[in-house]
Structure formats: structure tokens, C-alpha cells
Amino acid sequence: MDSSSVFRRSFKKPFPSAVRGEGVYIWDSEGNKYLDFSGSAAVNFIGHAVPEISAAMTEQAKQLEFVHTSQFTTPIAEQYANELLDFAGKNFARGAVYFTSGGSEAIETALKLARQYQVEVGEPRRHQILSRTQSYHGSTLGALAVSGNRRRREVYLPMVREFAHIGIPYCYRCNYDCKDGCRNCGQEYAAELDQAIKASDGQAAAFIFEPVSGATLGAVTPPPGYLQSIAEICQGNKVLLIADEVMTGMGRTGKNFAVDHWDISPDILVTAKGLSS
Ligand SMILES: Cc1ncc(COP(=O)(O)O)c(C=O)c1O
């Protein structure tokens with residue numbers, strides 16, 4: 001194995017050195033050309049080395065590269081937040097954007113924001129974040145705690161805070177033995193959330209979910225009525241609804257955000273990946 005000062009994602013395989021990109025292609029230092037079918041990991045939605053993007057980045061870096069958010073706002077951050085809220089549609093018309101550096105940090109922030117909201121509205125007992133068994137919300141400890149991806153969290157389990165995970169509608173292995181392609185069992189799964197909220201004895205702060213499953217259950221869509229019921233249950237119990245659209249947001253499912261397919265209005269919407277494009 002070649003020696004490297006970079007801590008790599010695998011010790012078992014050599015990594016080609018990527019030196020250039022253009023549109024859907026990446027070139028390595030040996031001159032090999034790769035067709036990037038997956039946009040890295042659903043990140044480069046608009047391809048590599050887009051000239052307008054590097055021009056805009058250069059222009060901004062020449063004017064001002066960084067100021068601390070505890071002291072300043074900037075015209076570019078204000079403009080970006082406004083554009084993003086417009087893109088998110090009427091549900092976020094009077095909303096606000098909190099910028100982070102990536103998906104996991106955005107999830108951590110959403111979890112903390114949900115807790116802080118509950119404290120601010122006089123519900124200090126609410127601190128539990130409910131989530132689903134087959135899910136992935138990121139690699140940091142808080143995000144791993146709410147994720148259900150067994151292999152990715154196994155090693156760290158003694159370090160993570162565990163809250164209730166409810167079942168996820170997955171037609172191929174449906175828990176409810178249905179024979180109709182999960183057309184009607186959405187309500188059974190939604191009822192699991194109701195039960196978990198009741199079992200939390202007033203301590204549930206939020207429920208987090210991926211509208212369309214990503215890394216743990218490839219591209220599984222919810223059965224009819226399920227997400228609408230989930231949203232109603234949350235609202236009826238003062239539990240915040242957090243949509244994790246790190247993977248599905250920014251147009252990846254054909255609408256601006258995946259929740260738009262089911263016309264539900266999450267309290268917090270987390271996005272990343274394609275946003276970086
Ligand atoms: C649904 C979902 N949430 C959160 C994350 C974490 O995002 P990041 O890898 O940018 O930290 C991912 C990453 O794959 C994801 O798919």
C-alpha cells in the first residue's frame with residue numbers, strides 16, 4: 001500500500017488521485033477519465049468545475065472571505081437565504097436559514113434547535129428525538145444517535161444517547177404482512193409514532209425522518225397517507241417534525257424538496273449535498 005499522510009476512508013484499496021473535473025467527468029493523475037454517474041455521493045448535481053461557480057467564488061473571495069456570524073451578516077448570506085426560502089416554497093415564507101458546513105452538522109443543529117425551541121416555549125421536559133429504524137442522518141454522534149443504520153453506529157453505541165426508533169414502511173419486508181403493496185398499512189406505521197410519543201411521557205421534542213430513504217434503504221417511498229398522518233400526529237402532540245432532505249433536497253426527486261410530493265409542512269427542513277453545487 002502506498003504511504004500517505006491523508007487518513008483514508010479505506011486501508012484496503014488504493015485511491016487514484018483526482019486532478020481535474022469537467023461536467024460529468026473526472027480525470028486522475030494517470031490520465032484516466034471517469035464517468036461520474038453518482039455526482040460523487042449525490043453532491044455534484046450540476047457537474048464538476050462549472051465556470052460560473054468558480055467565477056462567483058473568486059469574486060466573493062476577492063471582496064471578503066470570512067466574517068464571524070456573531071458579529072456580522074453579509075449581503076451574500078442574506079441573498080442566499082432569501083433565494084433558498086423562495087425555493088423551499090410557501091411553507092417557509094417567513095422562515096429563516098441556519099448555515100452549516102455539511103449534512104451531519106446541519107442535522108446536529110436541527111436536533112439542538114428543536115430542543116431549544118421546546119425550552120423557549122415552556123416545555124423543558126421535551127428532549128427526546130424520535131426516529132426510524134432504517135435511516136441514516138449523518139456521522140457525528142448526535143446524528144448517529146438518531147440514525148438506525150446498524151453497521152454505521154455499532155462501534156459507537158456505548159457513546160450514543162438512545163431514543164425510540166419506530167418501524168419504517170418497507171413494502172418488501174412489511175411488518176404488517178400486507179398483501180396490497182403497502183397501500184393501506186401506512187396508518188399502522190404512523191400509529192407506531194403515536195405510541196412512541198405517548199411512551200415518552202411528554203418528553204418527545206421532535207421526530208426526524210427521510211421523506212424518501214437514502215443510504216440505509218435505497219430510494220423507498222412512503223405508502224399513501226403515511227407522511228400526512230405522521231405530520232398530523234406530530235402537530236397534535238406538539239412534537240416538531242424534522243425532514244432530513246440532505247439527500248433528497250434541491251430538486252433531486254423531481255420537486256424542489258421531496259416533502260412537496262406529499263404536501264406536508266415540516267417545522268425544520270435540513271438540506272445539504274446538492275445545495276453545495
Ligand atoms: C439523509 C442524510 N442525512 C445526513 C447525511 C450526512 O451528511 P454529510 O455526509 O454531508 O455529513 C447524509 C449523508 O449521506 C444523508 O444521506
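The values are calculated or read from the model by the stated rules, or taken from the named source; none is laboratory data. Quick caveat: nothing in here was measured; it's all calculated off a predicted structure. Neighbour counts are summed over all protein chains in view; Cβ atoms, including those assigned to glycine, are modelled from backbone coordinates with ideal geometry.
The residue list TYR156, TYR189 contains one member that is within 25 Å of ILE264 (Cα to Cα), of a type outside the set (Gly, Ala, Ser) and in the same structural domain as MET247 (by TED's automatic domain parsing), which is TYR189.
Which of the residues spanning segment 92-108 are away from the ligand (no atom under 11 Å from the Cβ) and free of Cβ contacts under 8 Å to residues at least 12 places away in the same chain? Walk me through how you get there before you give the answer.
Of segment 92-108, the ones away from the ligand (no atom under 11 Å from the Cβ) are 92-99.
ALA93, ARG94, GLY95, listed by residue number.
Among the conditions (1) outside the structural domain of GLY103 (by TED's automatic domain parsing); (2) within 24 Å of VAL270 (Cα to Cα), ALA18 misses just one, which is (2). What pairs come out if I take residues in segment 39-52 that are at negative phi and not assigned by TED's automatic domain parsing to the domain that holds GLU22 and pair them with residues that are in a helix (DSSP H, G or I) and modelled with pLDDT under 90 whose C-beta lies under 9 Å away, six or more apart or interchain? Listed pairs, sorted by first residue: none to list.
When segment 215-225 is limited to residues that are under 23 Å from ALA143 (Cβ atoms) and of a type outside the set (Val, Ile, Thr), the one that is nearest to the ligand (Cβ to nearest atom) turns out to be ALA215. Within segment 235-258, the set of residues being more than 13 Å from the ligand (Cβ to nearest atom) and part of a helix (DSSP H, G or I) comprises GLN235, GLY236. Considering (1) buried (at least 18 other Cβ atoms within 10 Å of the Cβ); (2) within 15 Å of the ligand (Cβ to nearest atom); (3) of a type outside the set (Asp, Glu); (4) outside any helix (DSSP H, G or I), the lone condition that GLY142 does not fulfil carries the number (4). Residues in segment 17-45 that are at pLDDT below 95 and either touching a Leu at 6+ places or on another chain (Cβ under 6 Å) or surrounded by 12 or more Cβ atoms within 10 Å (Cβ to Cβ) (or both): GLY39, SER40, ALA42, VAL43, ASN44, PHE45. As a summary of the residue check, LEU113 satisfies the conditions (1) under 22 Å from VAL97 (Cα atoms); (2) free of Cβ contacts under 8 Å to residues at least 24 places away in the same chain except for the one numbered (2).
Confirm whether ILE168 is assigned by TED's automatic domain parsing to the domain that holds ALA110, within 16 Å of the ligand (Cβ to nearest atom), in contact with a strand residue (DSSP E or B) (Cβ under 9 Å, 6 or more places away or on another chain) and part of a strand (DSSP E or B).
Numbers: assigned by TED's automatic domain parsing to the domain that holds ALA110: yes; within 16 Å of the ligand (Cβ to nearest atom): yes; in contact with a strand residue (DSSP E or B) (Cβ under 9 Å, 6 or more places away or on another chain): yes; part of a strand (DSSP E or B): no.
Judged against the criteria, ILE168 is not a match.
Does segment 126-139 contain at least one residue that is in contact with a strand residue (DSSP E or B) (Cβ under 9 Å, 6 or more places away or on another chain), within 16 Å of the ligand (Cβ to nearest atom) and either outside the structural domain of PRO222 (by TED's automatic domain parsing) or farther than 21 Å from ILE264 by Cβ (or both)? Yes, some residue in segment 126-139 is in contact with a strand residue (DSSP E or B) (Cβ under 9 Å, 6 or more places away or on another chain), within 16 Å of the ligand (Cβ to nearest atom) and either outside the structural domain of PRO222 (by TED's automatic domain parsing) or farther than 21 Å from ILE264 by Cβ (or both).
Residues of segment 203-214 that are closer than 15 Å to ALA243 by Cα and either within 9 Å of the ligand (Cβ to nearest atom) or surrounded by fewer than 18 Cβ atoms within 10 Å (Cβ to Cβ) (or both): GLU210, SER213, GLY214.
Does GLU123 satisfy being surrounded by 12 or more Cβ atoms within 10 Å (Cβ to Cβ), at pLDDT 95 or above and under 21 Å from SER213 (Cα atoms)? Before the answer, list the steps.
Numbers: surrounded by 12 or more Cβ atoms within 10 Å (Cβ to Cβ): yes; at pLDDT 95 or above: yes; under 21 Å from SER213 (Cα atoms): no.
No.
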